[in-house]
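Below is one structure; the comments refer to it alone.
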Protein chains: 2
Amino acid sequence: MRFLDETPSSDGVREQLFTVGGVPGVLWTPKDAVGPRPLVLMGHGGGQHKKALAMAVRARRFVSDCGFAVVSVDVPNHGDRPRDEEYDRIATENQARVEAGEDLAPLIAGFQALVARQTVPEWRGVLDAVRRLPEVGTGPVGYWGVSLGCGLGVPFVAAEPRVQAAVLGLGGGSELAEEAARITVPVEFLVQWDDERVPRARSLALFDALGSTEKSLHANAGRHGELPSWELDSAVRFFARHLSA
Amino acid sequence: MRFLDETPSSDGVREQLFTVGGVPGVLWTPKDAVGPRPLVLMGHGGGQHKKALAMAVRARRFVSDCGFAVVSVDVPNHGDRPRDEEYDRIATENQARVEAGEDLAPLIAGFQALVARQTVPEWRGVLDAVRRLPEVGTGPVGYWGVSLGCGLGVPFVAAEPRVQAAVLGLGGGSELAEEAARITVPVEFLVQWDDERVPRARSLALFDALGSTEKSLHANAGRHGELPSWELDSAVRFFARHLSA
């Protein structure tokens, strides 16, 4: 793990850029953090990146309201990572298949499953590295990710026993059912009731498939990009409840 | 409106029994309440009554956390009301129809629609009476009701322009769709994902039918009677957001 740059702390939150195994990431911690604390790993949405505005706003809330550490890395083909020709080729091919009349949602699911084969081990490596820092330590881990962050997050949470609570959503599909069934930690699952990108039935099917005994679906009126602000308040409380001692 | 009895205030909450137009009710207010404040009317569940334990616990939270007034009355054939032979007869008849193979849910919906023809005007009269009290006044009104309290609450909220926010749920069905479409205030709608009494599709259809631009569905793992405690916290925040100045 190599630290690259640090943004001077405004508002008591320290923001450090790093790479680990060639993957660019960002770590947010309380300014004068000493000793171990819960850690939230966040997965960003498609076309976004590790410190897109909504990601940074959310991270700062988890840090300032709960005293947690928050980490996020660029997904392949996003942010500061180089173009990946293989992923580009598949995306172009999918685009053509949609134009020829195929359903978009299963194609996206297949693509995300492919990317997850790369991101699951990458993110596990990020956990290993970040949890070696004394101001993070080996406390409880949460995962937050919607849309692409859900498609990559379900396989990650299913594979990663260190994750003890997860916020997922804006994604769906029976393709993820098997991995979802292996998730047993508490989940808060976000659905936009008028989502123009994720068919409602696919969202509900994924929530239904989760193996967790404690799971809550929050569906709000609105389109894919219109997640209401009170869901961030709710996520703060959810992680505080499950990750704080 | 005639006051009958008052429970000595423990915990800063005053509890007064009353009748209005022959309907027995209970009013909770802050102990030394002076002047107008938001009012929440609560509808109880089937087989319960106006001050069943869960009702009283919920009312006390709305009073002590938000400073609101809370009112609840017995539904016909419940609590301190006399038996109603006509309702008894229909209930017995429905029981026989279920045993003969008919679906329970539409029968319940039809029954609740019949009872609502009586409770909507009763509850409107309760609002009139309670809002004349100086410690309640003519501030914003919220409605809370699940299960039977949803079946009776949807027609009430649809008919009552003084209601500005509602928590509904544990109920459903296309029978309520027309009245649900006339509801335009913010709604928090509760679903138990493993509800053994309300088929999931009926719950989702009712949420879908609500005309509100701001509506949130909270579905939690568990059976009809297993509403998790954090949904009361959520309802407190929901009403505080929409009814407090």
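For the protein assembly as shown, the number of Lys pairs with C-alpha atoms closer than 26 Å, counting only pairs eight or more positions apart or on separate chains, is 5. In this simple spin-label model, placing a label point 7 Å from the Cα along the Cα-to-Cβ direction at both B:E135 and B:R223 gives a separation of 4.0 nm.
For A:R117, the point set 7 Å out from Cα toward Cβ sits 6.4 nm from its twins in the other copies, listed from shortest up.
Nothing charged except the Cβ atoms of Lys and Arg (+1) and of Asp and Glu (-1): what's the magnitude of the dipole of region B:110-206 about its Cα centre? Round to the nearest 20 debye. Intermediate values should be presented prior to the final figure.
Working: 9 positive and 11 negative charges, 44 e Å.
Magnitude of the dipole: close to 220 debye.
Considering only chain A, the C-beta nearest to the rotation axis that sends A to B is found at A:H218, 3, the distance in whole Å.
Label separation (A:E85 vs A:T19): 2.1 nm, computed from points 7 Å beyond Cα along the C-beta direction. Extent along the principal axes, Cα only, for region A:1-153: 56, 27, 27 Å, with the longest axis given first. Dipole magnitude for chain A: about 720 debye, using +1 per Lys or Arg Cβ and -1 per Asp or Glu Cβ, origin at the Cα centre. Take every DSSP beta bridge whose two residues both sit in chain B; close to 45 percent of them are antiparallel. Kirkwood analysis of region A:98-245, using all unique Cα-Cα pairs, places the hydrodynamic radius at 15.7 Å. Amide H contacts for B:V13 (H built 1.01 Å from N in the peptide plane; partners 5 or more residues away or on another chain; cut-off under 5 Å): B:K31.
Volume of the convex hull of the protein assembly as shown (Cα atoms only), normalised per residue: 156 Å³. From the alpha carbon centroid of region B:6-24 to that of region A:165-224 is 43 Å. With contributions of -39500 (n - 2.57) from each DSSP H run of at least four residues, the per-residue ellipticity at 222 nm computed over the protein assembly as shown stands at -12000 deg cm²/dmol. Placing a label point 7 Å from the Cα of B:V98 along the Cα-to-Cβ direction, the residues of region B:121-149 whose backbone N falls under 20 Å of that point are B:146-149.
Legend: mean number of C-beta atoms from other chains within 10 angstrom of residue C-beta atoms, peptide B:205-218, equals 3.
Please list, by residue number, everything in region A:86-108 whose backbone N is under 12 Å from a paramagnetic label point 7 Å out along Cα→Cβ of A:R197. Label zone hits: A:105, A:108. Within 10 Å of each Cβ in peptide A:20-28, how many partner chain Cβ atoms are there on average? Round it to a whole number, please. If you average over the peptide's residues, the count of other-chain Cβ atoms is 0.
Relative to the longest principal axis of the Cα atoms of chain B, the long axis of helix B:53-66 makes an angle of roughly 50 degrees. For region B:114-155, there are no residues whose amide N sits under 11 Å from a probe point set 7 Å from the Cα of B:D32 along the beta carbon direction.
Shown in residue order for region B:196-211 are the 3J(HN,Hα) couplings computed by the Karplus curve 6.51 cos²θ - 1.76 cosθ + 1.60 at θ = phi - 60°: 8, 10, 10, x, 4, 5, 5, 4, 5, 5, 5, 4, 4, 6, 4, x Hz (x for Gly and Pro). For A:L104, the label point sits 7 Å beyond Cα toward Cβ; its separations from the matching points on the remaining copies run 4.2 nm, from shortest to longest.
Only the coordinates and a few stated rules stand behind these numbers; no lab work does. These numbers come from a predicted model, not from an experiment. As a convention, Cβ positions derive from the backbone with ideal geometry for all residues, glycine included, and neighbour counts pool all protein chains shown.
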